[in-house]
Amino acid sequence: MLISKFLRRRPCLGYLSVLAMFLLFAATLHAQRLTLNTRTFSDSTETSAVDAGLVPASQPLSLTVRLAPTPERKAALDQFLADQVTPSSPNYHHWLTPPQFAASYGATDDQLAAATTWLQSQGLAVQAISPAKTRLAVSGTAAQVQSAFSIVLRRYQVAGTMYFANTTQPSLPQEVASIIAGVRGLDDMPVAAPKVMARLISASQSATPAPSDGTDALGSAAAAIDANNAPILTLNTTECSNDLAQADYDAYRDLFRQASAQGITVLAASGCSTSGTGSFPASLSEVTAFATSATVRSASASFVGIDPRPSWQYALGLPDDSTRQEPDLTTTSADAFAQALTTIIQQNGGRQGNINAILYSLATTPDLYTQPDNAPAGTWESTTGLGVVDLQKLIKVFPRASGTSTTTTLAYSGSNTIGYGTQVVLTASVSPSAFNTANASGTVTFTSTPQGIIGSAPLTGGSATLTLGSLAVGSYTITASYSGDGNYAASTSVVPVSITVNIVNATLVATLSPSSNVPYGSTGTVTATVALPNSSGAPAGTVSATIEAVTGALFTATLSPNPGGNTATANIVVNAPAPNSKGYTVEVACQGNTNFQCQTPVDLIMTTVLGNTITTMNVSPSAPQAGQPVTLTAIINNSGNGTGTYTFSGNVTFYDNGAQIATAAVATNQATTNKTLAGNIQHSIVAKYSGDANWNPSTSAPQSVSPSLLPATMTLTSNVSTALAGVNLVFTATVFTTVTNTVGPTGNVTFYDTYNGTAIQLGNPTPLTPNGPNESIARLSTTGLLAGGHSVYAVYGGDANFGGATSTPLAIAITDYNLTMVPQTITLQAGQTGQVVMLLGLVGGFNGTVSFGCTPPANAEITCSFNPVTLAGGGSTTMSIVTTAATVATTSKLAQRLDGWGVAAGPMLATLFFLAVPGRRRRLPTMLLVLFALGLTANIGCSKAADPPTVSDPGTPLGTQIFTITTAGTDGVNSVRHSFQYQITIQ
């Protein structure tokens with residue numbers, strides 16, 4: 001009513017409040033659901049699976065719902081299973097049928113009704129109930145399953161096949177969580193681990209294998225157990241316990257408990273190869289775990305038990321823990337073991353159920369179990385269990401369930417309250433007395449509550465005696481059980497023997513050697529002897545030595561029993577602490593255990609001095625090359641025999657041939673420096689440790705190091721490979737090494753030129769200059785190479801770190817031209833013109849263009865020119881030379897005539913007179929006429945002497961003149977100039 005009024009007044013706020021309350025209630029309901037630990041898709045190893053989306057809501061699914069028995073029924077089953085293997089119990093070998101199991105230990109009718117009601121409320125249908133009332137076959141759609149178990153089902157494609165799986169763990173509401181223990185069928189994904197291979201064996205038929213593909217192995221095994229047609233179930237698998245989800249593991253345990261109650265013997269191979277986990281299902285207590293001779297596990301592997309250790313698992317060598325260990329034994333093959341058990345079943349007239357208690361009670365039977373290492377009979381080992389079983393022997397000694405009835409009586413003559421180590425002698429007598437004469441056999445197993453089997457002994461002459469020298473502290477209620485044989489039935493003593501074992505006090509004696517002036521870092525040995533007075537047993541456990549006032553100075557050792565006595569001794573190695581001449585107190589104590597105690601420790605005194613050290617040195621690389629960085633590492637160690645971890649401080653000084661080269665601080669017990677060592681020198685490296693407050697100095701042994709010269713490689717390059725004569729050539733020699741170093745080549749490089757078969761040095765040696773890491777260069781410039789072919793190479797002489805090197809010759813082609821002048825000289829008269837032919841010669845393959853020019857002598861009144869001015873690719877050009885004749889200047893025509901006359905008149909007159917004189921008179925008169933004419937001429941010319949003629953241009957001077965001929969050649973890139981001289985003579 002109040003809520004209705006509230007909603008009418010504030011409808012919006014009211015509905016929101018109600019919605020919030022509903023969501024809170026829904027969340028509370030969801031939080032109250034309990035999760036079932038089953039396999040999910042995340043557990044699958046199918047990494048190639050492709051998500052194909054949600055499972056269709058209408059897809060039909062079939063589930064198996066496992067029911068949980070009530071706590072009362074579970075406890076009752078525990079007791080019933082124990083009674084079934086206890087010969088003195090009325091329920092010994094009282095096997096049940098599945099309906100009988102259901103009536104006493106399956107789900108109750110109320111549980112079945114509650115589970116069925118809830119499943120139907122979720123839309124699921126219960127199709128069948130297993131005969132033992134432990135499982136329900138349920139069907140429904142994917143939507144109904146997802147809703148009921150609060151999961152999401154998705155489809156996955158693997159290798160072309162479609163599967164489905166739940167992606168989350170299923171959960172149950174609290175009202176049914178105590179009824180439903182698990183659910184299977186939420187996925188059909190393939191599993192990576194091998195499936196369980198089940199084979200059913202009966203006493204009257206051969207082995208019948210189950211489906212070998214391993215599909216629903218649990219369902220296959222459950223169907224066989226519910227059918228209850230065979231007395232033996234053998235499972236051969238290499239799976240490990242952690243391969244299964246916890247719900248599946250629990251399902252197998254419940255199933256095999258049902259099998260044991262029905263008298264079915266379950267055998268499983270102990271084949272897990274993963275260290276740290278048990279085999280499946282061999283690690284279950286309801287299963288007999290066997291190894292085969294061909295698959296014995298490695299002794300180095302360690303396996304952790306899954307189930308608690310059952311009372312029947314008792315043998316020497318078992319780990320000191322409380323977990324089920326496997327294997328139980330080793331056999332030649334699973335088939336051979338199963339067939340031997342079939343024979344035992346036939347001889348005993350029926351099923352044997354869980355045979356583990358009998359197998360362990362027979363552990364000390366001579367020649368029944370054999371260990372490969374010849375360990376004593378009855379010793380359990382992690383690789384073989386009790387050992388390799390002799391199956392024919394097992395058939396013979398396995399207890400008989402029929403024959404003449406017997407009575408077993410247990411006797412003990414000692415005190416019922418004893419101290420640890422007191423010897424206990426138990427004697428079991430089996431009647432009738434015919435045992436004394438008949439060929440009776442069998443084994444008597446002595447069992448204590450709550451310790452389990454404490455030993456066994458063969459029956460001899462009607463009795464069996466067990467001597468125990470080291471019963472652990474505690475209270476024992478002991479009974480004896482006779483196994484029976486082919487003639488006599490088994491029996492168990494009725495009146496138990498009660499013995500209380502009390503803890504005892506031990507004495508401790510200790511000595512220390514050496515005890516004085518013990519070097520720091522060395523050790524002393526404490527010899528501790530522990531004795532158990534009035535005891536036949538030797539103490540076990542550890543003793544300790546603690547150096548007082550030294551943090552962490554605790555040392556322990558394990559006691560070793562001394563032969564033939566009740567004492568045990570241990571040698572405790574004690575590391576000497578920091579130097580202390582006043583001494584340390586070393587307290588020696590016995591740890592004791594649940595069986596004995598040490599009450600008074602022993603104090604010893606130890607004095608210590610500086611510890612001795614040893615310095616070793618490592619050179620890396622050990623065979624360096626010159627100039628290569630070398631790492632020198634000095635390592636400081638304790639020279640004593642201590643086992644502790646020590647820290648060294650101080651410095652290390654490094655010496656090379658006696659000269660100090662570096663000092664480095666010690667860090668993490670070593671000092672390091674990097675040095676470059678010159679080549680071609682024998683280095684003797686020594687490291688000297690300075691010591692510190694705890695340690696003495698030490699010097700390393702000399703280490704000889706001879707660095708080899710670094711291989712040098714030299715390349716030679718030029719700015720050009722073909723050039724005109726006179727062009728500047730730059731040669732670059734690069735010296736380097738492929739070894740990584742911090743130094744580069746030094747020294748000089750000399751350049752050589754081979755020309756016309758003769759090698760000559762080019763210039764002076766050129767120093768190298770650095771050019772980056774591990775590389776140096778030298779350059780030479782020259783314009784003096786003549787035309788023609790050259791082979792230029794460079795030689796490196798090496799230095800202290802590098803060897804010498806010679807470059808590969810470099811071919812250089814120098815091209816040029818020359819001129820041939822025709823004629824070589826020329827003679828002209830002033831005013832004449834002459835021509836000279838210039839022939840262009842090509843040298844070294846020159847194929848360029850040459851231009852010509854000339855320069856005549858100054859003031860020579862001569863000109864010159866070329867035609868053509870330029871030549872390409874050879875040919876000729878003509879140089880024309882033009883000279884200048886002398887010229888005279890005149891004042892008038894009359895003067896010119898008189899001048900002419902004056903010049904010519906004399907000779908003319910002389911000629912006339914000569915012709916006019918007769919021949920015979922011509923000689924003398926002739927001379928006279930000549931003289932006359934000359935005089936006449938002189939008289940006529942006298943008028944000119946007063947006014948001589950003027951020369952206006954003297955012309956080209958007579959004599960030799962030198963012309964300068966200039967040429968310029970080019971190959972299109974570079975150019976070269978040459979000057980020539982040409983001689984001309986003027987007459």
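Quick look at the values:
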item: Residue that is in a loop (DSSP other than H, G, I, E, B) and among the aliphatic types (A, V, I, L, M), where the choices are Leu284, Leu235, Leu267, Leu255; result: Leu284
item: Selection within the range 799-818 - surrounded by fewer than 22 Cβ atoms within 10 Å (Cβ to Cβ), assigned to a loop (DSSP other than H, G, I, E, B) and at pLDDT 90 or above; result: Gly804, Thr808, Pro809
item: Scan of the range 671-683 for residues that are crowded, with 17+ Cβ neighbours inside 10 Å and not in a strand (DSSP E or B), ordered by number; result: Leu677, Gly679
item: Qualifying residue in the range 136-157 (condition: at pLDDT below 90, out of contact with any strand residue (DSSP E or B) (no Cβ under 7 Å at 6 or more places or on another chain) and not in a strand (DSSP E or B)); result: no
item: Verdict on Ser704 being buried (at least 18 other Cβ atoms within 10 Å of the Cβ), closer than 19 Å to Tyr655 by Cα and not hydrophobic (A, V, I, L, M, F, W, C); result: no
item: Unique residue being farther than 30 Å from Ser708 by Cβ and not hydrophobic (A, V, I, L, M, F, W, C) when the list is Thr615, Thr567, Thr633; result: Thr567
item: Boolean, Leu96 is modelled with pLDDT under 95, crowded, with 17+ Cβ neighbours inside 10 Å and in a loop (DSSP other than H, G, I, E, B); result: yes
item: Conditions (1) outside the structural domain of Gln169 (by TED's automatic domain parsing); (2) in contact with a Phe, Trp or Tyr (Cβ under 6 Å, 6 or more places away or on another chain); (3) of a type outside the set (Ser, Thr, Tyr); (4) part of a loop (DSSP other than H, G, I, E, B): number failed by Leu77; result: (4)
item: Every residue from the range 362-374 that is free of Cβ contacts under 8 Å to residues at least 12 places away in the same chain and either polar (S, T, N, Q) or surrounded by 22 or more Cβ atoms within 10 Å (Cβ to Cβ) (or both); result: Asn374
item: Evaluation of Asp307 against (1) modelled with pLDDT of 85 or more; (2) surrounded by 15 or more Cβ atoms within 10 Å (Cβ to Cβ) (one fails), failing number; result: (1)
item: Qualifying residue in the range 352-361 (condition: crowded, with 20+ Cβ neighbours inside 10 Å, over 51 Å from the mean Cα position of the chain (by Cα) and over 27 Å from Ile499 (Cα atoms)); result: yes
item: Subset of the range 133-189 [of a type in the set (Ser, Thr, Tyr), surrounded by fewer than 21 Cβ atoms within 10 Å (Cβ to Cβ) and over 16 Å from Gln122 (Cα atoms)]; result: Thr161, Tyr163, Thr167, Thr168, Ser178
item: The range 684-697: number of residues that are surrounded by 15 or more Cβ atoms within 10 Å (Cβ to Cβ) and under 18 Å from Ile661 (Cα atoms); result: 6
item: Answer residue from the range 728-753, given it is buried (at least 16 other Cβ atoms within 10 Å of the Cβ), more than 13 Å from Gln625 (Cβ to Cβ) and among the aliphatic types (A, V, I, L, M) and is farthest from the chain's Cα centre (by Cα) among those; result: Leu729
item: The listed residue being under 18 Å from Ala457 (Cβ atoms) and part of a loop (DSSP other than H, G, I, E, B), out of Pro399, Pro372; result: Pro399
item: Some residue of the range 848-856 being at negative phi and without any contact (Cβ under 8 Å) to a residue 40 or more places away in the chain; result: no
item: Selected residue [of a type outside the set (Asp, Glu), in a strand (DSSP E or B) and within 30 Å of Ser620 (Cβ to Cβ)] from Ser781, Ser776, Ser791; result: Ser776
item: Answer residue from the range 438-480, given it is closer than 13 Å to Thr408 by Cα and of a type in the set (Ser, Thr, Tyr) and is surrounded by the fewest Cβ atoms within 10 Å (Cβ to Cβ) among those; result: Thr465
item: Residues that are within 30 Å of Thr676 (Cβ to Cβ), of a type outside the set (Gly, Ala, Ser) and free of Cβ contacts under 8 Å to residues at least 40 places away in the same chain, drawn from the range 772-820; result: Pro773, Asn774
item: Qualifying residue in the range 519-526 (condition: closer than 17 Å to Gly592 by Cα, of a type outside the set (A, V, I, L, M) and either out of contact with any helix residue (DSSP H, G or I) (no Cβ under 8 Å at 6 or more places or on another chain) or buried (at least 22 other Cβ atoms within 10 Å of the Cβ) (or both)); result: no
item: Subset of the range 713-752 [part of a strand (DSSP E or B) and of a type outside the set (A, V, I, L, M, F, W, C)]; result: Thr713, Thr715, Thr717, Ser718, Thr722, Thr732, Thr734, Asn748, Thr750, Tyr752
item: Filter pass, Ala268 being surrounded by fewer than 23 Cβ atoms within 10 Å (Cβ to Cβ), among the hydrophobic types (A, V, I, L, M, F, W, C) and either assigned by TED's automatic domain parsing to the domain that holds Arg309 or at pLDDT below 90 (or both); result: no
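Matching residues to (1) in the same structural domain as Val430 (by TED's automatic domain parsing); (2) within 29 Å of Ala457 (Cβ to Cβ); (3) out of contact with any His (no Cβ under 7 Å at 6 or more places or on another chain):
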| site | (1), (2), (3) |
| --- | --- |
| Gly474 | yes, yes, yes |
| Ile478 | yes, yes, yes |
| Pro496 | yes, yes, yes |
| Val518 | no, no, yes |
| Thr523 | no, no, yes |
| Ala528 | no, no, yes |
| Ala538 | no, yes, yes |
| Gly541 | no, yes, yes |
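The values are calculated or read from the model by the stated rules, or taken from the named source; none is laboratory data. Remember, it's a predicted structure, so these values are computed and weren't measured experimentally. As a convention, Cβ positions derive from the backbone with ideal geometry for all residues, glycine included, and neighbour counts pool all protein chains shown.
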